[in-house]
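Structure record follows, encoded as structure tokens.
The values are calculated or read from the model by the stated rules, or taken from the named source; none is laboratory data. Nothing here was measured: the structure is a model prediction, and the numbers come from that model. Backbone-built Cβ (ideal geometry, glycine too); neighbour counts: all protein chains shown.
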Amino acid sequence: MRIAIVGTGYVGLVAGVCFAEMGHKVICVDIDEQKVELLKQGVVPIYEPGLSDMMTHNIESGRLSFTTSLKSIIHEVSTIFIAVGTPMGEDGSADVKYVLGVAREIGENMQDYKVVVDKSTVPVGTADKVHAEIAKYTHQNFDVVSNPEFLKEGAAIDDFMKPDRIVIGADSEKAKNLMLKLYDPFVRTGAPIYCMDVKSAELTKYVSNAMLATKISFINEMSQLADAVGADINKVRKAVGADRRIGNSFLFPGVGYGGSCFPKDVNAIEHTGKSFGLEMKIMSAVTQVNETQKSFLNRKMEEAMDLKDKTICVWGLSFKPKTDDMREAPSLVIIDFLLSKGARVQCYDPQAMEVCQKNYLKNSVLYAHDAYDAAKNADALVLITEWSEFRTPDYPLLKSTMNNFYIFDGRNIYNREEVESHGFTYCGIGC
């Protein structure tokens with residue numbers, strides 16, 4: 001099958017590479033000329049384990065290519081995926097202007113039947129808007145399909161190649177059958193494909209992310225209660241998660257969620273509800289709790305020590321491990337607080353420091369060569385992102401290089417008794 005994917009961001013690039021890996025001819029389209037030139041050379045603009053090698057392999061095989069012109073290749077493909085950004089507007093809604101811009105270009109240039117697939121996370125009703133926009137510029141037959149992605153940053157290749165499920169929203173048998181054929185190689189092990197109407201598919205993506213964000217905010221709020229009453233949230237969550245109706249997934253307290261999906265999608269579903277006269281009370285609370293949780297360690301640090309003129313070591317900048325994504329990252333809130341209190345910040349992250357220095361905290365913090373370099377002469381260590389290399393610290397080495405001995409564990413990955421046995425003062429989340 002010949003496929004075009006418009007947008008080479010996180011979703012579009014992963015989808016393009018994985019479709020090519022399954023033998024399809026894929027052309028990825030992006031208006032950023034510099035980015036496209038780098039992609040042609042095999043340079044991946046994001047950090048995602050396994051993506052670089054797979055992309056290079058498929059470029060060399062001739063199955064994957066890149067261009068800046070949808071118009072020049074639209075006659076070569078039967079299916080066009082729209083995977084451009086849908087940034088959050090000031091009112092919390094998802095801005096679909098880029099999606100509709102692609103729809104217009106498709107309508108202006110298509111000369112035969114196409115299946116147009118919304119792969120971007122879009123509000124309910126976007127497929128209708130895409131259909132209407134294309135129809136303004138063509139009399140050719142076409143179908144618009146909703147095919148939401150369910151990729152986790154840091155595990156996107158596995159998620160795409162071995163999905164839990166595939167969701168296809170199609171209002172025509174022709175489009176549905178084409179999508180079933182496209183995804184058949186990915187579900188050989190029995191993963192279900194859920195075929196439904198377009199609007200239900202659009203809503204499925206938002207409901208999935210909203211549910212996961214809700215679990216995170218729920219356990220985070222319970223961690224605040226545990227802290228207040230003197231309970232241990234780690235013991236609580238294990239016992240609660242043993243209930244099969246609840247489960248352990250996403251039931252880990254921390255410093256709040258971030259990234260490109262949960263914050264934007266929770267706000268978007270809240271905005272969608274309001275547009276239909278519904279007050280999405282739970283979604284509003286999820287966002288409020290998450291913002292509060294990002295400052296949980298700030299309060300703990302301020303209670304424990306005078307931060308002015310202190311040197312604070314920060315381990316982890318990205319919003320989660322195995323990615324360099326810093327969008328809505330809790331580290332930004334915590335570091336901004338430390339700087340506002342007159343502290344000096346020395347940070348280390350295995351992948352996100354270049355992104356941080358370029359787009360966020362430019363010259364306001366020190367970027368260390370490794371984790372222990374960041375801890376040199378520090379008065380406290382703050383763990384924000386639970387990268388694997390941070391999980392088993394060399395406590396004697398830390399003790400020899402730090403000035404004072406506080407450890408603020410923003411992900412509850414350390415054992416209090418072990419930490420304290422090495423002479424450190426330990427503070428976790430709700431424990």
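For this structure, a couple of remarks:
- Tally, over region 27-48, of residues that are touching a helix residue (DSSP H, G or I) at 6+ places or on another chain (Cβ under 7 Å) and either in a helix (DSSP H, G or I) or at positive phi (or both): 1
- Residue within region 165-177 that is under 15 Å from Leu151 (Cα atoms) and at pLDDT below 95 present: no
- Any helices (runs of 4 or more DSSP H) falling wholly within region 119-192 and containing at least 3 residues that are more than 18 Å from the chain's Cα centre (by Cα) and either within 22 Å of Ala94 (Cβ to Cβ) or small (Gly, Ala, Ser) (or both): 126-135
- For Phe81: the one exception among (1) touching a residue at least 60 places away in the same chain (Cβ under 8 Å); (2) in a strand (DSSP E or B); (3) farther than 30 Å from Pro321 by Cβ; (4) hydrophobic (A, V, I, L, M, F, W, C): (3)
- Meets criteria (touching a residue at least 24 places away in the same chain (Cβ under 8 Å), assigned to a helix (DSSP H, G or I) and surrounded by fewer than 23 Cβ atoms within 10 Å (Cβ to Cβ)) for Ile59: no
- Residue within region 242-264 that is outside the structural domain of Asn412 (by TED's automatic domain parsing), in contact with a strand residue (DSSP E or B) (Cβ under 9 Å, 6 or more places away or on another chain) and closer than 21 Å to Gly125 by Cβ present: yes
- Residue that is nearest to Ile157 (Cα to Cα), among those in region 37-88 that are within 24 Å of the chain's Cα centre (by Cα) and among the charged types (D, E, K, R): Glu48
- Test: residue in region 175-198 that is more than 30 Å from Phe81 (Cα to Cα) and among the basic types (Lys, Arg): no
- Verdict on Gly62 being over 19 Å from Val144 (Cα atoms) and assigned by TED's automatic domain parsing to the domain that holds Ile157: yes
- Residue in region 231-251 that is hydrophobic (A, V, I, L, M, F, W, C) and on the phi > 0 side of the Ramachandran plot present: yes
- Candidates Ile106, Ile134 - the one that is buried (at least 23 other Cβ atoms within 10 Å of the Cβ), over 18 Å from Asp30 (Cβ atoms) and without any contact (Cβ under 8 Å) to a residue 40 or more places away in the chain: Ile134
- Residue check for Asn141: outside the structural domain of Arg237 (by TED's automatic domain parsing), touching a residue at least 60 places away in the same chain (Cβ under 8 Å), under 27 Å from Gly101 (Cβ atoms) and not hydrophobic (A, V, I, L, M, F, W, C): no
- Meets criteria (of a type outside the set (S, T, N, Q), within 25 Å of the chain's Cα centre (by Cα) and part of a helix (DSSP H, G or I)) for Asp91: no
- Meets criteria (of a type in the set (D, E, K, R) and buried (at least 19 other Cβ atoms within 10 Å of the Cβ)) for Lys310: yes
- Filtering region 3-44 to residues that are among the polar types (S, T, N, Q) and either over 20 Å from Arg104 (Cβ atoms) or outside the structural domain of Tyr183 (by TED's automatic domain parsing) (or both) leaves Gln34, Gln41.
- None of Tyr395, Tyr414 is surrounded by fewer than 19 Cβ atoms within 10 Å (Cβ to Cβ), modelled with pLDDT of 95 or more and of a type outside the set (A, V, I, L, M, F, W, C) except Tyr395.
- Residue within region 284-295 that is out of contact with any helix residue (DSSP H, G or I) (no Cβ under 9 Å at 6 or more places or on another chain), surrounded by fewer than 19 Cβ atoms within 10 Å (Cβ to Cβ) and outside the structural domain of Ser388 (by TED's automatic domain parsing) present: no
- Looking across region 196-212 at every residue that is among the charged types (D, E, K, R) and assigned to a helix (DSSP H, G or I), the one that is nearest to Lys281 (Cα to Cα) is identified as Lys205.
- Residue within region 65-76 that is closer than 23 Å to Val116 by Cα and without any contact (Cβ under 8 Å) to a residue 24 or more places away in the chain present: yes
- Residue count, region 22-49 (criterion: in contact with an Asp or Glu (Cβ under 8 Å, 6 or more places away or on another chain) and at pLDDT below 95): 3
- Which numbered condition Leu225 misses (of (1) at pLDDT 95 or above; (2) buried (at least 16 other Cβ atoms within 10 Å of the Cβ)): (2)
- For Met211, the conditions (1) buried (at least 16 other Cβ atoms within 10 Å of the Cβ); (2) outside the structural domain of Phe160 (by TED's automatic domain parsing); (3) not hydroxyl-bearing (Ser, Thr, Tyr) all hold with the exception of (1).
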